[in-house]
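Okay, structure first, notes after.
A short reminder: the numbers here are calculations on the coordinates, not readings from a lab. All figures in this text were calculated on a predicted structure; none of them were measured in a lab. Positions of Cβ are backbone-derived with ideal geometry, glycine not excepted, and every protein chain shown enters the neighbour counts.
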Ligand SMILES: *Cc1c(COP(=O)(O)O)cnc(C)c1O
């Protein structure tokens, strides 16, 4: 079976975890601090803070905007549900705009139509590893006085007009969940250049403690800390991220070459002013293809090839969001057409060719 994603933890990483176990410092300590320093340096942001998940990162990012009930945050309905859940968790209202049918990222024009006097922020997701159209979002942010949260859970290492993902909005949010480009099982981080946001997130992560003197509380907070046991995994993978990304890009190129002539399949579009780190290689199975998307998925499974649908259900159709506008045409079409093929650094060229051959045989 060719999996969609397959983890490999190196001996160096295993040794590093053992070292932490022997050190006696298992919770948040020096390794977390080191990760934060290296991540900020990597993203070229002033600050980074490690947290317990990507969801925690997004939750703290939204909380750091200090929104009031009734405030609205616009985001994409074509993402993992955490992106929108955190808006509700912070007591504000998520509003969904449509996506661009080529990049499948949030469409700035659709966003502008959804802006009201209550809109305070936009959460932009870099879906599958490609940054969205930030210059258009910067223009909206300026015109309507909005904050931009970058959901970079899938895009670590990607660049937009020469700037690193994580440094594209007011706050960047990473996930180190087990399937992400660099990972530690569960984990996350926020990045920012804003000292006030940094200070707030620093406190919110650890029960509102200021850290200036013991048991000094500035506000209600959470336990969203990462552990040193996890931090060492991400620390080591961060040093190899260029190599990890390059391998993903190589596999993507093999897919592009092998599949470009297949009628009815649309391959991922990548704009020229940004880089794609191919967290997923997601194709569109259109009506001109001989099989429906779901039949195609079953066909691949019969050939021993896993594939996945990210995401089958637009969030505007999820009941708890109480969404008025469930008819976002580009999103609804994408949910019916997307199919992600196997891509991970240890995927052998031979396996990529097996996938291409199986598709071409159709
Ligand atoms: C993975 C992911 C998240 C959530 O991260 P967790 O670490 O699983 O909490 C949020 N947004 C996107 C786009 C993701 O892919």
### Gyration tensor verdict on the chain (Cα atoms; rounded if a/c is under 1.5, prolate if a/b is larger than b/c, oblate otherwise)
oblate
### Task
Please build a GNM for the chain, connecting alpha carbons under 10 Å apart, and tell me which residue among 100, 167, 68 fluctuates the most.
68
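Among 19-31, 266-278, 289-301, how do they line up from the highest to the lowest mean number of other beta-carbon atoms within 10 Å?
Details: 19-31: 14.1, 266-278: 18.4, 289-301: 15.8.
Output ranking for 19-31, 266-278, 289-301: 266-278, 289-301, 19-31.
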#### Entry: For segment 228-284, alpha-carbon Rg over 2.2 N^0.38 Å
1.45
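What relative contact order, as a whole-number percentage, does the chain give when Cα pairs under 8 Å and 6 or more residues apart are counted? Please list the in-between numbers first.
Values: 761 pairs, mean separation 79.9, N = 362.
After rounding, I find 22 percent.
Nearest 500 deg cm²/dmol is fine: what mean residue ellipticity at 222 nm does the chain get from its DSSP H runs of n ≥ 4 alone, each adding -39,500 (n - 2.57), divided by its residue count?
Values: 12 runs with 136 residues, N = 362.
Calculated from helices alone, the mean residue ellipticity at 222 nm is -11500 deg cm²/dmol.
Quick one: work out the % antiparallel among DSSP beta bridges in the chain, nearest 5. List each step's numbers first, then the result.
Working: 23 of 40 bridges.
If we restrict to bridges inside the chain, about 60 percent are antiparallel.
Expressed as a rounded percentage, what relative contact order does segment 130-244 have, with Cα pairs under 8 Å and six or more residues apart?
Details: 174 pairs, mean separation 20.3, N = 115.
Relative contact order here is 18 percent.
So for segment 199-272, averaging the separation of alpha carbon pairs under 8 Å that are six or more residues apart and normalising by length, what relative contact order in percent results? Don't jump to the answer; show the numbers that get you there.
Working: 46 pairs, mean separation 12.7, N = 74.
Reported relative contact order: 17 percent.
Going highest first, how would you order 307-313, 140-146 by mean Cβ packing within 10 Å?
Numbers: 307-313: 16.3, 140-146: 14.1.
Output ranking for 307-313, 140-146: 307-313, 140-146.
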### Residues 325, 349 arranged by fewest to most Cβ contacts within 10 Å
349, 325
